[in-house]
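One structure is given here, and the rest of the page talks about it.
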Amino acid sequence: MSVRSDVLLWAQRVIARKQAPAHELLECEATADIESVQKAFHKLARMAHPDLHRNTLTADELELVTTAYSRAASAYAELRSQRMKTTRIRPIKDVPARTAVSENGAPAAQPPAAASASASMSSKALVYFRKAEAALRRGDLTQAVLQLKMAIAADPQSTFLRTALGEVEAELRK
């Protein structure tokens, strides 16, 4: 068979599998690891990417291949996100506030607690802050400074980030 007919047959198979699980669209095992899923998708992309067939297919055939490829790409993204759980960021745990005690032993009234650093940062700034924390754990101060500057760019109003940057830069100057 020719490449053209192979691609058209593949596209028809994918379109026919409307409610098929993602691994069936990529034609890989249900228990496949991320590397196997990636290899299956890359093999499919080398064969069926719509840009490869712009000059050889009619408009209707190209639309069929494009639709099938977009379903396969969505299936790949779904499987990849399911199997990449280790790269997700865990939320920062807030430290519980201490209860102040008045002179007579009764709990004292406290001013409202300040918002935690993680709650006041934008999500993008939090990602950069986490990277800065990791760099500090590794002892890479220059990388920590860079990540903190990126966090400040994502959340320019954060005084917490500016303070943290000042502390790391002071440590770097020593």
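A short reminder: the numbers here are calculations on the coordinates, not readings from a lab. The structure presented is a predicted model; accordingly, all values stated were derived computationally and were not measured. Note that we place each Cβ from the backbone using ideal geometry, even for glycine, and neighbour counts take in every protein chain shown.
Selection among 146, 161, 172 by position relative to the dipole of the stretch 117-173 gives 146 as farthest towards the positive end (Cβ unit charges, Cα centre). Extension gain for residue 130 to residue 35 (0.36 nm times residue separation, less C-alpha to C-alpha distance): 31.5 nm.
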